[in-house]
Amino acid sequence: MANPVVVPCPADQWTKVITNLTTAAIRIMSNSPDKYMWTYIATTGAVPTDFSEAVPINGDLPLSFGAAADVYVYAIGGIGKVRIDT
């Protein structure tokens, strides 16, 4: 098992937090901001530009994909931090 990685999330922009994985978990490490969104794309796909495919993160988020994916997190209204467990 790999060590967890803490990723800072600048306010109001998409941040790639996972690259080319099929399983992982996202854990919110900061209460401010209080709202985070996430989305995924096929590895090497284009960075998201809007919220059309985004979903709120409500607590710990276990992820499992059939093919390798990149995962992005958006911290709404403030600087955030997430931990990625692989």
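Details
- Rounded to whole Hz, the Karplus (6.51, -1.76, 1.60) HN-Hα couplings of the stretch 31-43, x for glycine and proline: 7, 10, x, 9, 9, 10, 10, 9, 7, 9, 9, 4, 3
- Under 5 Å, built H, 5+ apart or other chain: amide partners of Lys35: Ile76
- Protection proxy ranking, peptides 50-62, 2-14, 29-41, 70-82, average beta carbon neighbours within 10 Å, highest first: 70-82, 29-41, 2-14, 50-62
Bear in mind these aren't lab numbers, they're just calculated from the coordinates by the rules spelled out. Given the structure is predicted, the values throughout are model-derived calculations rather than measurements. We place every Cβ from the backbone using ideal geometry, glycine too, and count neighbours over all the protein chains shown.
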